[in-house]
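Everything on this sheet refers to the single structure shown next.
The values are calculated or read from the model by the stated rules, or taken from the named source; none is laboratory data. Predicted, not measured: the structure shown is a model, and the values here were computed from it. Ideal geometry is used to build each Cβ from the backbone, glycine not excepted, and the neighbour counts take in all protein chains shown. These accessible areas exclude ligands, DNA and RNA; they are computed on the full protein's heavy atoms, side chains included. Shrake-Rupley method; radii C 1.70, N 1.55, O 1.52, S 1.80 Å.
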Amino acid sequence: RTAMSLGEPTSDSTPFFSDDSEAEEQGGGAAGQRPQEEPASGVSHVRALLTVFILFFINLLNYMDRFTVAGVLTDIENYFGIDDGKSGLLQTVFICSYMFLAPVFGYLGDRYNRKLIMSVGITFWSAVTLASSYTPKEHFWALLLTRGLVGVGEASYSTIAPTIIADLYVKGKRTNMLSVFYFAIPVGSGLGYIVGSQVGRVTQDWHWALRVTPGLGVIAVLLLIFVVKEPKRGAIEARPEHHLHQTSWLADLRALSTNHSFVLSTLGFTAVAFVTGSLALWAPTFLFRAAVFTGEKEPCVEGNCASSESLLFGIITCVTGILGVASGVQVSRQLRKKTARADPLVCAAGLLLSAPFLYLAIVFAQTSTIATYVFIFLGETFLSMNWAVVADILLYVVVPTRRSTAEALQIVISHLLGDAGSPYMIGVVSDSLRKTDSFLWQFRSLQLSLLLCSFVAVVGGGFFLATALFIEKDRHRAENYVPTGEADPPIVVPKSGRSTRVPVSSVLI
């Protein structure tokens, strides 16, 4: 009966394709003879590990695809003859579709088979990414449209994948597995720059840069279908005396809006998204313009212009991402021994330390290329300390049945106020500051507009410091959550020869 009380409805817990046979073996009359060592999630230890690495691989492709465009942005500008404002729209339309559809997939992910949702989404994402590589020169709007549709597929994945990991592991193991999953963000982003710029350089055609990830996406879908098994929601951390029930979407939103740690950490993460979104699109172009400004490179109006800058920035993004995520998790783990507020404090420190280094990187670009790359390295390392830690905060201050919705809401807010508008904003500010179309002003205007990133990082650090004030209370509330109506579980009491169900409190009184 305990096993039954922890189970999920058939539509949630029964996987499709490869897992049907397993479901049959574990079901039926053998329920009472289930092996004692089987995890509460219903997924074996080996398959749980494979699941994490498959989700990591898909997340890697997700970010590779997202930043391939940034690796060839200078070539796209020259090909279509567009200015910085229109270039920034490429990232903005993607983020907007991704952001607005995230709540839809969050709602579906909390209620239906997550594996099926992700499989359909990744297939769609691969198809439209491939379609975007065939955009003709006269139709820039078609590239904008297909980049917007890519956000549909990515929204189906990003809101759901972390909740699967949360249903496979708890506590320290969950943090470790989330850090593995979030390594894919900087590494995938860096590979996007590298693959995009180098494929574009080898083929002398930026269109080919967009044809790499769709093929890998097909492999990802096959792995997802035939290897990953849908875990039972919340089973691994549910207490045996009660079962977590679904609540309405509006009830979920009300609960999340009163969760101070969730709201404040989301606003802090919005600052991270603003900064990373701006740097992700504009850093290679800025570094190329700086090299032209200092005389290290000749001006370029056609061909693969910023390939070396994209390559170097990609390598820096990969390395700093690994160092940042790993150090963030490790520092947080050590600090937890001294204070329960460790996670938001680590996030705050990462943002506040990144701000001065990013400022120095932008300022020194006009005098020293080496100093610029050193400061970018340090700034991105501190910025990357947030990724896995922020995800862990969300998962332990929100109850299992609301996590996909919380992930979706965090995506909407962080992108709406963060990287949905920041690339476009930087481009528009750059265009407005540019007095002439000379190479000098192309560099200077973009330099001045990018200085916004440092100030936003400081504001984000303040939000994480505020999160530290509420984190203990909100975590305790989530861990001891009892669904409404179950605080007083009914017991059977004799009355006139019949059994009557009454609340425990009325008996005690």
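Checking Ile95 against (1) surrounded by fewer than 24 Cβ atoms within 10 Å (Cβ to Cβ); (2) part of a helix (DSSP H, G or I); (3) not hydroxyl-bearing (Ser, Thr, Tyr), only one condition comes out false. Which one?
Evaluating Ile95 over (1) surrounded by fewer than 24 Cβ atoms within 10 Å (Cβ to Cβ); (2) part of a helix (DSSP H, G or I); (3) not hydroxyl-bearing (Ser, Thr, Tyr) leaves (1) as the failure.
If you go through the range 386-394 one residue at a time, do you hit one that is outside any helix (DSSP H, G or I), at pLDDT 85 or above and open to solvent by less than 10 Å² (accessible area, probe 1.4 Å)? Reasoning before the result, please.
First pass over the range 386-394, keeping only residues outside any helix (DSSP H, G or I): none.
So far as the range 386-394 goes, no, none of its residues is outside any helix (DSSP H, G or I), at pLDDT 85 or above and open to solvent by less than 10 Å² (accessible area, probe 1.4 Å).
Within the range 420-442, how many residues turn out to be open to solvent by 10 Å² or more (accessible area, probe 1.4 Å) and part of a helix (DSSP H, G or I)?
Count: 11.
Let's see how each residue does on (1) out of contact with any Asp or Glu (no Cβ under 9 Å at 6 or more places or on another chain); (2) in a helix (DSSP H, G or I); (3) of a type outside the set (Phe, Trp, Tyr); (4) modelled with pLDDT under 90:
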{"position": "Trp282", "(1), (2), (3), (4)": "no, yes, no, yes"}
{"position": "Ala291", "(1), (2), (3), (4)": "no, yes, yes, yes"}
{"position": "Thr317", "(1), (2), (3), (4)": "no, yes, yes, yes"}
{"position": "Ile322", "(1), (2), (3), (4)": "yes, yes, yes, yes"}
{"position": "Leu351", "(1), (2), (3), (4)": "yes, yes, yes, no"}
{"position": "Leu360", "(1), (2), (3), (4)": "yes, yes, yes, no"}
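Which of the following residues is hydrophobic (A, V, I, L, M, F, W, C), at pLDDT 80 or above and exposed (fewer than 14 other Cβ atoms within 10 Å of the Cβ): Leu508, Leu448, Leu469? Let's see the steps before the verdict.
Numbers: Leu508 fails: at pLDDT 80 or above; Leu448 fails: exposed (fewer than 14 other Cβ atoms within 10 Å of the Cβ).
Testing whether each residue is hydrophobic (A, V, I, L, M, F, W, C), at pLDDT 80 or above and exposed (fewer than 14 other Cβ atoms within 10 Å of the Cβ) leaves just Leu469.
Do we have any residue at all in the range 163-174 that's buried (at least 24 other Cβ atoms within 10 Å of the Cβ), within 19 Å of His415 (Cα to Cα) and at pLDDT 80 or above?
Looking for residues that are buried (at least 24 other Cβ atoms within 10 Å of the Cβ), within 19 Å of His415 (Cα to Cα) and at pLDDT 80 or above, one finds none in the range 163-174, hence no.
May I ask you to list the residues in the range 420-445 that are among the acidic types (Asp, Glu) and either at pLDDT 85 or above or within 22 Å of Phe274 (Cα to Cα) (or both)? Walk me through how you get there before you give the answer.
Looking only at the range 420-445, we keep the residues that are among the acidic types (Asp, Glu), and these are 431, 437.
Within the range 420-445, just Asp431 meets the criteria.
Quick one: would you say Gly106 is farther than 19 Å from Gln442 by Cβ, open to solvent by less than 50 Å² (accessible area, probe 1.4 Å) and either in contact (Cβ under 8 Å) with a residue 24 or more places away in the chain or in a helix (DSSP H, G or I) (or both)? Can you show your working first?
Numbers: farther than 19 Å from Gln442 by Cβ: yes; open to solvent by less than 50 Å² (accessible area, probe 1.4 Å): yes; either in contact (Cβ under 8 Å) with a residue 24 or more places away in the chain or in a helix (DSSP H, G or I) (or both): yes.
The answer is yes for Gly106.
Hand me the list of helices (runs of 4 or more DSSP H) wholly inside the range 119-206 holding 1 or more residues that are without any contact (Cβ under 8 Å) to a residue 60 or more places away in the chain, on the phi > 0 side of the Ramachandran plot and not acidic (Asp, Glu).
Numbers: elements: 140-158, 161-166, 171-203.
In the range 119-206, the matching helices (runs of 4 or more DSSP H) lie at 171-203.
Quick one: how many residues across the range 364-402 are more than 15 Å from Gly321 (Cα to Cα), without any contact (Cβ under 8 Å) to a residue 24 or more places away in the chain and not hydroxyl-bearing (Ser, Thr, Tyr)?
Result for the range 364-402: 3.
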